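Below: one structure, written as structure tokens.
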Amino acid sequence: MLVQAATGNTSVKLDDVLWVKASGKWLAHADREEILLPVSLSETLSRVATNTDPAGQTAIVGGVALGTSVETAMHAVIPHRVVLHVHSVNTIAWAVRADGEHNLRQRLAGLEWAWIPYLSSGLPLAGAIQQAVTANPNIQVFILANHGLVVCGNSPHSAEALLRDVETRLALPPRATPEPNWDQLNAIAERISWRVPANPVVHALGIDPVSRHILGQGVLYPCEAIFLAPRIPVVSRFITAQEAEQSDSACLIIEDCGTLMRQRQNPVEGLTLAGLAQVVLRIPADAPLACLTPAEVNDLLCADVYRYRQRVEGNSLDRLPFPPAPGGAPPVELR
Ligand SMILES: [Zn+2]
């Protein structure tokens, strides 16, 4: 509900050292492997000041070479010592709505917070955050449109307490949907050689007409386009194996039945799909949506995405939905 796979990142500033999450590492693995690396805070800030992205600085931690997250600039420009950035399902369900900022005024009343319009991760997003904290250095909650949540504090405990407070204020109940017809789904999956995800929540995307209507309006947030498809196909239960193979998507929504995924075992795709379903089930049918524009989606689906996926997924993909564009930029983490 807070992060999916390698999304989200955390940092702490100790004197002039910024400890920030490494690109591609999972917050869920923080108690069993090194996920943070130290970089110079003043050096990072001077890079930001000269419009040079500080992402990708490297250090050896515990014998492993780590590189700083693409969101390093954002962590550096926030004055608080501890910064927690999550792709919270509840926050995203508000942050994709055209009326999200208006609705959150009441829910976040009493907190110092700011709504940050959608900007790509890295220097553009960090620039908007820096502007917001220059205007009001007390801001501790940032709602990132079509992206997620940032909370900060001067200690890990105060930041965590604030995260829980915001999560409680933004909590939305998911729409109830019936269980999928597993036999029917298994039969379709077998016929087209795809697989049936075990997590029941993802099947709501096929069974629930409101969810299908929401997904049909466009891409809600970057991970959806990067890890699943720019547009997830909605198909009938009579789809053929050949038709399924022509899709460039990691998943297929089978109308009134559920959702199928490709045979490859890819935890990132599965977690992204589950997160998407949790978000969509929290958006009412009549909510005005602010989907990413076609230009914003195109920006996401560049060569960097291909490299990012390879890094996050350990080169385990047998087939990537988006071929790398020639002459792309060096690898970056997208969130
Ligand atoms: Zn993010």
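The values are calculated or read from the model by the stated rules, or taken from the named source; none is laboratory data. These numbers come from a predicted model, not from an experiment. FYI the Cβ positions are ideal-geometry reconstructions off the backbone, even for glycines, and counts take in every protein chain you see. What goes into the accessible areas is simple: the full protein's heavy atoms, side chains included, and nothing from ligands, DNA or RNA. Shrake-Rupley method; radii C 1.70, N 1.55, O 1.52, S 1.80 Å.
Of the residues in segment 261-287, how many are open to solvent by less than 60 Å² (accessible area, probe 1.4 Å), farther than 24 Å from Met1 by Cβ and in contact with a strand residue (DSSP E or B) (Cβ under 8 Å, 6 or more places away or on another chain)?
1
Does Leu2 count as under 14 Å from the mean Cα position of the chain (by Cα) and either in contact (Cβ under 8 Å) with a residue 24 or more places away in the chain or under 30 Å from Leu281 (Cβ atoms) (or both)? Let's see the steps before the verdict.
Values: under 14 Å from the mean Cα position of the chain (by Cα): yes; either in contact (Cβ under 8 Å) with a residue 24 or more places away in the chain or under 30 Å from Leu281 (Cβ atoms) (or both): yes.
Yes, satisfied.
Go through segment 111-152 and give me each residue that's of a type in the set (S, T, N, Q) and farther than 22 Å from Ala225 by Cβ.
Initially, segment 111-152 is screened for residues of a type in the set (S, T, N, Q), giving 120-121, 130-131, 134, 136, 138, 140, 146.
Passing the criteria: Gln130, Gln131, Thr134, Asn136, Asn138, Gln140.
Here are some conditions: (1) modelled with pLDDT under 95; (2) touching a helix residue (DSSP H, G or I) at 6+ places or on another chain (Cβ under 8 Å). Tyr221 meets all but one. Which one does it not meet?
(1)
Does segment 19-38 contain any residue that is open to solvent by 60 Å² or more (accessible area, probe 1.4 Å), of a type in the set (A, V, I, L, M), within 19 Å of Met1 (Cβ to Cβ) and not in a strand (DSSP E or B)?
As a first pass, look at segment 19-38 and keep what is open to solvent by 60 Å² or more (accessible area, probe 1.4 Å): 19, 28, 31-34.
Checking which are of a type in the set (A, V, I, L, M) leaves us with 28.
Those left that are additionally within 19 Å of Met1 (Cβ to Cβ): 28.
Those left that are additionally not in a strand (DSSP E or B): 28.
Scanning segment 19-38 turns up at least one residue that is open to solvent by 60 Å² or more (accessible area, probe 1.4 Å), of a type in the set (A, V, I, L, M), within 19 Å of Met1 (Cβ to Cβ) and not in a strand (DSSP E or B).
Please verify whether Ile60 is more than 16 Å from the ligand (Cβ to nearest atom) and either of a type outside the set (Ser, Thr, Tyr) or open to solvent by less than 20 Å² (accessible area, probe 1.4 Å) (or both), treating the condition exactly as stated. Can you show your working first?
On the way: more than 16 Å from the ligand (Cβ to nearest atom): yes; either of a type outside the set (Ser, Thr, Tyr) or open to solvent by less than 20 Å² (accessible area, probe 1.4 Å) (or both): yes.
Criteria met by Ile60.
Pull up segment 289-298, narrow it to residues that are part of a loop (DSSP other than H, G, I, E, B) and of a type in the set (A, V, I, L, M, F, W, C), then point me to the one that is surrounded by the most Cβ atoms within 10 Å (Cβ to Cβ).
To start, the set of residues in segment 289-298 that are part of a loop (DSSP other than H, G, I, E, B) comprises 290-293.
Now restrict to residues that are of a type in the set (A, V, I, L, M, F, W, C): 290-292.
Values: Ala290: 20, Cys291: 19, Leu292: 23.
Filtering segment 289-298 for residues that are part of a loop (DSSP other than H, G, I, E, B) and of a type in the set (A, V, I, L, M, F, W, C), the one surrounded by the most Cβ atoms within 10 Å (Cβ to Cβ) comes out as Leu292.
Would you be able to tell me the number of residues in segment 129-149 that are away from the ligand (no atom under 16 Å from the Cβ), part of a loop (DSSP other than H, G, I, E, B) and touching a strand residue (DSSP E or B) at 6+ places or on another chain (Cβ under 9 Å)?
Residues flagged as away from the ligand (no atom under 16 Å from the Cβ), part of a loop (DSSP other than H, G, I, E, B) and touching a strand residue (DSSP E or B) at 6+ places or on another chain (Cβ under 9 Å) within segment 129-149 amount to 3.
For the condition open to solvent by less than 10 Å² (accessible area, probe 1.4 Å) and within 18 Å of Gln278 (Cβ to Cβ), what is the one hit in Ile232, Ile214? Steps first, answer last, please.
Numbers: Ile232 fails: open to solvent by less than 10 Å² (accessible area, probe 1.4 Å).
Testing whether each residue is open to solvent by less than 10 Å² (accessible area, probe 1.4 Å) and within 18 Å of Gln278 (Cβ to Cβ) leaves just Ile214.
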